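The values are calculated or read from the model by the stated rules, or taken from the named source; none is laboratory data. These numbers come from a predicted model, not from an experiment. Backbone-built Cβ (ideal geometry, glycine too); neighbour counts: all protein chains shown. The area values use the complete protein model at the heavy-atom level, side chains included, leaving out ligands, DNA and RNA. Shrake-Rupley method; radii C 1.70, N 1.55, O 1.52, S 1.80 Å.
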Amino acid sequence: MSDVLHPAQLDDYERDGHLILRGVLSKSEVATLRKVVAERAPTAYAPGLHYPEPGKYTIQGNQLAEHPALAEAAMHPSIVGPVEALLRQQAYLSAFVAYIRTPGDSGGGAHNDYKRWRPVGSSMNWLFAIVPLTDFDAEYGPLLVSPGSHKLHRVINPQARILDVSAPDRAQLAPFVDPELKAGDLLLMNMYAWHEPPAGTARQDRCGLFNKYCAVDAPPATGHFRYSHAAHAALADEGKRLLAVCSDRPLEETRLLIERPGTEPIYLLREDGQLPGGSGWEETEGVGWDVGARIGALQSLAREQLGVEIPWMSYIADVNETQRVYGYIDSEDIDYTGHRWCKEDDLPDSVQTLVAQWQRPEVVRGKGVAVAQRREQYAVG
């Protein structure tokens, strides 16, 4: 995969946290996409707004199935190839987004998009693939980046099973620069890179693709966004692998695998022989369109069933399309009175399968939190 990019380009990305490839999409591809986005702008996602009121609107997720040009952009080899070269492995499309900013919008402040309570931002190895469909200049509004800012985030203990990240020191941000993006260019940007989108003066919509791709061995801590079968069918055969989870069925259950580590790890079962959890609810407030996270619901169920507070958890798998399972490592010797600990061999076969997935050494996991824990975005350390 790395031969898609020159060694100097890989070095530039490692140093700066972003890489610019000029003219990745042709003028005709840009024109088609811009027309498709404009046609869908009036019904784009923007809670509380009515197009074209000043604001930010998104065409997202399963809407990639609404036009062949959108599906083609999601799996475009000139985008996916460099993405996978920088991730150093195959990728999943964790977020499909065509982003629209209408005239009069105030722009945005400096930020990065690692968010451990959202499906689109909680992987430990993901990046942005941004393709302007209008020039990102003084008229439409540039997209400024801070070179090297991705290095301000540090994994506290790289050897840990489940990774934690320390907060960056904003005082150390390098001055923001304008990469002078033109329609059809590709900006590849590290998940921790700081960027800032100032307002423009244009009387037309500013728009572009703002897709996110995560490495296949770094699932979002909150769980993958679930694409529809229509979205899957919209992609050509070579692109279908980009969608990690596809289902038209709603999630019905959320379960938690609690591990107590040791020479021979043990796992908690309720008195009825099942993992803690049950029927839950999706977190929607403060999330956006990328629903699917069940951490808040599972924390509530654990409190109710086990009498404990679970501070974090990390996604393991979706089972039979309707059950989402997370894992947690208990290192505090909490008393789970009335429940039993089991060695792996004594677990039901279905739970042993989950344990095998949870213990895969090549999977890079982070600590997911509930929406209510947004202020706990970073660990202390």
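Residues checked against (1) in a strand (DSSP E or B); (2) under 30 Å from Gly262 (Cβ atoms); (3) free of Cβ contacts under 8 Å to residues at least 24 places away in the same chain:
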| site | (1), (2), (3) |
| --- | --- |
| Lys151 | no, no, no |
| Pro175 | no, no, no |
| Glu180 | no, no, no |
| Ala183 | no, no, no |
| Leu187 | yes, no, no |
| Ala193 | no, no, no |
| Phe210 | yes, no, no |
| Ala221 | no, yes, no |
| His232 | no, no, yes |
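Pairing each residue of segment 62-77 that is open to solvent by less than 30 Å² (accessible area, probe 1.4 Å) with any residue that is in a loop (DSSP other than H, G, I, E, B), provided the two are 6+ apart or on different chains, yields C-beta distances under 6 Å for Leu64/Phe96; Ala71/Leu235; Ala74/Phe96.
Could you list, in sequence order, the residues of segment 17-59 that are acidic (Asp, Glu), more than 13 Å from Ala98 (Cβ to Cβ) and either in contact with a Ser or Thr (Cβ under 9 Å, 6 or more places away or on another chain) or open to solvent by 80 Å² or more (accessible area, probe 1.4 Å) (or both)? Once the filter is applied, which keeps residues that are acidic (Asp, Glu), more than 13 Å from Ala98 (Cβ to Cβ) and either in contact with a Ser or Thr (Cβ under 9 Å, 6 or more places away or on another chain) or open to solvent by 80 Å² or more (accessible area, probe 1.4 Å) (or both), segment 17-59 yields only Glu53.
Is it true that some residue in segment 336-359 is out of contact with any strand residue (DSSP E or B) (no Cβ under 8 Å at 6 or more places or on another chain), more than 25 Å from Ala215 (Cα to Cα), open to solvent by less than 70 Å² (accessible area, probe 1.4 Å) and modelled with pLDDT under 95? Checked segment 336-359: at least one residue is out of contact with any strand residue (DSSP E or B) (no Cβ under 8 Å at 6 or more places or on another chain), more than 25 Å from Ala215 (Cα to Cα), open to solvent by less than 70 Å² (accessible area, probe 1.4 Å) and modelled with pLDDT under 95. Per the listing Val37, Val97, Val80, the residue uniquely more than 17 Å from Leu133 (Cα to Cα), at pLDDT 95 or above and hydrophobic (A, V, I, L, M, F, W, C) is Val80. Taken together, Ala233, Ala215 contain a single residue that is surrounded by fewer than 24 Cβ atoms within 10 Å (Cβ to Cβ) and over 25 Å from Gly148 (Cα atoms), which is Ala233. Picking from residues in segment 242-275 that are assigned to a loop (DSSP other than H, G, I, E, B) and basic (Lys, Arg), the one that is farthest from the chain's Cα centre (by Cα) is Arg270. Residues that are surrounded by fewer than 16 Cβ atoms within 10 Å (Cβ to Cβ) and either within 19 Å of Arg294 (Cα to Cα) or of a type in the set (Lys, Arg) (or both) within segment 253-281 comprise Gln274, Ser279, Trp281, listed in sequence order.
Looking across Arg294, Arg365, one residue alone is surrounded by 16 or more Cβ atoms within 10 Å (Cβ to Cβ) and at pLDDT 95 or above. It is Arg365. Where residues in segment 195-208 are open to solvent by 20 Å² or more (accessible area, probe 1.4 Å) and outside any loop (DSSP other than H, G, I, E, B), which of them is farthest from Glu84 (Cα to Cα)? Once the filter is applied, the top-ranked residue is Pro198.
Could you please give the count of residues in segment 162-173 that are part of a loop (DSSP other than H, G, I, E, B), surrounded by 14 or more Cβ atoms within 10 Å (Cβ to Cβ) and modelled with pLDDT under 95? Selection size over segment 162-173: 2.
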